[in-house]
Amino acid sequence: AKSDTRVSVITIEYDVRDDRPEETEVIRIEAEGSDIVEALIRRRHPGRSPSDARRLAELAIGNARLALALAAAAPATGSLSAFDDDALFRRLFWQREHPDPQLEQSAEALSLVYSFDVEGVEDPDEMLFLSELTAIPRLLLYRHANTLVERGLAQVRGRWRAVLPHALANRLARRAIHNLPWRELGIAFSTPGAARLRRSFARRLAYLHDVQAVRQIV
């Protein structure tokens, strides 16, 4: 923004891994407001009414990528006032204009942890761990993880994946936690060999600010 700056390009991205070397400087950037995102929606989707654009921007908590995904998934004609928030989020997981409950359930399962390894390098196999915890076949989870990446709802870093942005992942994780018994969650993540997954799950809970969930799991 300044003519005398030495910086020409800044690239900002999430690191989907949990390990943070001591020399790494971690900067957390939060959305400041929905006004810019609302304007972006109206520019990309001129058919949207101002009230619908505002609602989508607020649902996305100011996250442009999620807001645009919601705008693209929402019905193209008519007001969105007839749809509740859950209905709009669920349309992110539609396939060819039809609901896909399996894709949505997989997204919930994958959102339980901040990040996960898809290649089975970690011990235990993290995709198998989530598969057994949620009773979703491992290969189906893998395929749906790829679908989320293709739709811009998950990030790739080598063998690591993470459902992002957090506004979406947190919403999915809350639903997954609600649908799973606390005892089973506690037993699974307290497995001695699952230390990395336990940290990843704790990191997700931290984003949820769910003190009750932390106490129940502990």
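The values are calculated or read from the model by the stated rules, or taken from the named source; none is laboratory data. These numbers were taken from a predicted model, which means no experiment stands behind them. Cβ: placed from backbone, ideal geometry, glycine included. Neighbour counts: every protein chain shown. Just so you know, the surface numbers come from the protein's heavy atoms only, side chains and all, with ligands and any DNA or RNA stripped out. Shrake-Rupley method; radii C 1.70, N 1.55, O 1.52, S 1.80 Å.
Is it the case that VAL26 is surrounded by fewer than 16 Cβ atoms within 10 Å (Cβ to Cβ), assigned to a loop (DSSP other than H, G, I, E, B), over 24 Å from the mean Cα position of the chain (by Cα) and modelled with pLDDT under 90? In short, no.
Going by what's in this entry, would GLY120 be described as under 17 Å from the mean Cα position of the chain (by Cα), modelled with pLDDT under 95 and not in a strand (DSSP E or B)? Considered against the rule, which asks whether it is under 17 Å from the mean Cα position of the chain (by Cα), modelled with pLDDT under 95 and not in a strand (DSSP E or B), GLY120 comes out as no. Among residues that are part of a helix (DSSP H, G or I) and either at pLDDT below 90 or at positive phi (or both), ARG65 is included.
Of all residues in the stretch 47-62, those being closer than 12 Å to ASP35 by Cβ, assigned to a helix (DSSP H, G or I) and in contact (Cβ under 8 Å) with a residue 24 or more places away in the chain number 1. Which numbered condition trips up LEU130, out of (1) in contact with a helix residue (DSSP H, G or I) (Cβ under 6 Å, 6 or more places away or on another chain); (2) within 17 Å of LEU180 (Cα to Cα); (3) in contact (Cβ under 8 Å) with a residue 40 or more places away in the chain? LEU130 satisfies every listed condition except (3). Among the numbered conditions (1) in contact with a Leu (Cβ under 6 Å, 6 or more places away or on another chain); (2) modelled with pLDDT under 90, the only one that GLU13 does not meet is (1). One residue alone among ILE61, ILE41 is open to solvent by less than 60 Å² (accessible area, probe 1.4 Å) and closer than 22 Å to LEU148 by Cβ, and that residue is ILE41. Among the residues of the stretch 64-105, which ones are open to solvent by 40 Å² or more (accessible area, probe 1.4 Å) and farther than 24 Å from VAL149 by Cβ? Listed by number, the residues that qualify are ALA76, THR77, GLY78, SER79, SER81, ALA82, PHE83, ASP84, ASP85.
Looking at (1) surrounded by fewer than 18 Cβ atoms within 10 Å (Cβ to Cβ); (2) at pLDDT below 90, find the lone condition where ALA213 falls short. Evaluating ALA213 over (1) surrounded by fewer than 18 Cβ atoms within 10 Å (Cβ to Cβ); (2) at pLDDT below 90 leaves (1) as the failure. Just one of the numbered conditions (1) closer than 23 Å to ARG65 by Cβ; (2) modelled with pLDDT under 90; (3) surrounded by 12 or more Cβ atoms within 10 Å (Cβ to Cβ) is not true of ARG174: (2). Identify, please: which residue in the stretch 157-171 is open to solvent by 10 Å² or more (accessible area, probe 1.4 Å) and of a type outside the set (Gly, Ala, Ser) and is, among those, farthest from GLU119 (Cα to Cα)? Top of the filtered list is ARG171.
Does the stretch 89-103 contain at least one residue that is modelled with pLDDT of 85 or more, of a type in the set (Asp, Glu) and not in a helix (DSSP H, G or I)? Looking for residues that are modelled with pLDDT of 85 or more, of a type in the set (Asp, Glu) and not in a helix (DSSP H, G or I), one finds at least one in the stretch 89-103, hence yes. If you go through the stretch 181-209 and keep only what is open to solvent by less than 50 Å² (accessible area, probe 1.4 Å), modelled with pLDDT under 85 and not aliphatic (A, V, I, L, M), you end up with just TYR207.
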